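Since the structure comes first, as structure tokens, the remarks are kept for the end.
What follows draws every value from the coordinates through simple rules; no lab data is involved. Everything numeric in this text was worked out from a predicted model, so none of it was measured. Cβ: placed from backbone, ideal geometry, glycine included. Neighbour counts: every protein chain shown.
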Amino acid sequence: MSFYLSHSAEETISIGETIGNSIKPGDIIALKGNLAAGKTTITKGIARALGIKEDITSPTYTLVSEYYGSIPLYHMDMYRIESVEEFELLGIEHLIFGNGLSVIEWSERIEEYLPDEHIEIDIQRQEDGSRQITVKGLVV
Ligand SMILES: Nc1ncnc2c1ncn2[C@@H]1O[C@H](COP(=O)(O)OP(=O)(O)O)[C@@H](O)[C@H]1O
Ligand SMILES: [Mg+2]
């Protein structure tokens, strides 16, 4: 388990870049933390490490965005998914089991689909506005 303390969005992006440099094809990252904790922000850094030049925007409404860098990045936001049935209707579960990197915000909503072996990043906003970032399942 690794801990980081971030004092700015840019610092969170750098931490994401460090994490992104250690991932391998097929990895799955469950992103935990409240609204506006910084889940999409840290994904920008992960994407940067994969050489993705496009701007990473929140997939809250599109539910999944695909980017093609050194490996594919599937950025998902399951906030609006209310049941496993709803997730299955999307027909995107094959992405999670593919050879890209899946980064899943609000993965709690599709817990049943998460393989036991996954990376977890938990972002907690502190009272002073800084973010405590905990990484499990990956040596960084
Ligand atoms: N240390 C920090 N790390 C990440 N985001 C921060 C930080 N400080 C302030 N912010 C701001 O908080 C917001 C986080 O938004 P976002 O990454 O979309 O959150 P989430 O995806 O968790 O809902 C952004 O507006 C960002 O600029
Ligand atoms: Mg988000």
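Could you tell me whether any residue of segment 70-77 is over 17 Å from Ile119 (Cα atoms), surrounded by fewer than 20 Cβ atoms within 10 Å (Cβ to Cβ), out of contact with any strand residue (DSSP E or B) (no Cβ under 8 Å at 6 or more places or on another chain) and of a type outside the set (A, V, I, L, M, F, W, C)?
Yes, some residue in segment 70-77 is over 17 Å from Ile119 (Cα atoms), surrounded by fewer than 20 Cβ atoms within 10 Å (Cβ to Cβ), out of contact with any strand residue (DSSP E or B) (no Cβ under 8 Å at 6 or more places or on another chain) and of a type outside the set (A, V, I, L, M, F, W, C).
Within segment 122-140, track down each residue that is farther than 11 Å from Ser2 by Cα and outside any strand (DSSP E or B).
Taking segment 122-140 as the starting set, the residues that turn out to be farther than 11 Å from Ser2 by Cα are 123-131.
Selection gives Gln126, Glu127, Asp128, Gly129, Ser130.
How many of the residues making up segment 1-54 are within 12 Å of ligand 2 (Cβ to nearest atom) and at positive phi?
Of the residues in that region, 3 qualify.
Out of the residues in segment 19-43 that are part of a helix (DSSP H, G or I) and farther than 18 Å from Ser130 by Cα, which is farthest from ligand 1 (Cβ to nearest atom)? If you could, list the steps in order and put the result at the bottom.
Initially, segment 19-43 is screened for residues part of a helix (DSSP H, G or I), giving 19-20, 39-43.
Pick out the ones that are also farther than 18 Å from Ser130 by Cα and you get 19-20.
On the way: Ile19: 14, Gly20: 15 Å.
Selected residue: Gly20.
Regarding Ser102, is this residue closer than 24 Å to Val140 by Cβ and not in a helix (DSSP H, G or I)? Please lay out each step first, then the result.
Numbers: closer than 24 Å to Val140 by Cβ: yes; not in a helix (DSSP H, G or I): yes.
Yes: the conditions hold for Ser102.
Is there any pair linking a residue in segment 36-62 that is in contact (Cβ under 8 Å) with a residue 60 or more places away in the chain and under 16 Å from Gly20 (Cα atoms) to one that is within 7 Å of ligand 1 (Cβ to nearest atom) and hydroxyl-bearing (Ser, Thr, Tyr), with Cβ under 7 Å and at least six apart or on different chains, and which?
Once the first residue is in contact (Cβ under 8 Å) with a residue 60 or more places away in the chain and under 16 Å from Gly20 (Cα atoms) and sits in segment 36-62, its partners that are within 7 Å of ligand 1 (Cβ to nearest atom) and hydroxyl-bearing (Ser, Thr, Tyr) give Gly38/Thr12; Thr40/Ser58; Ile42/Thr12.
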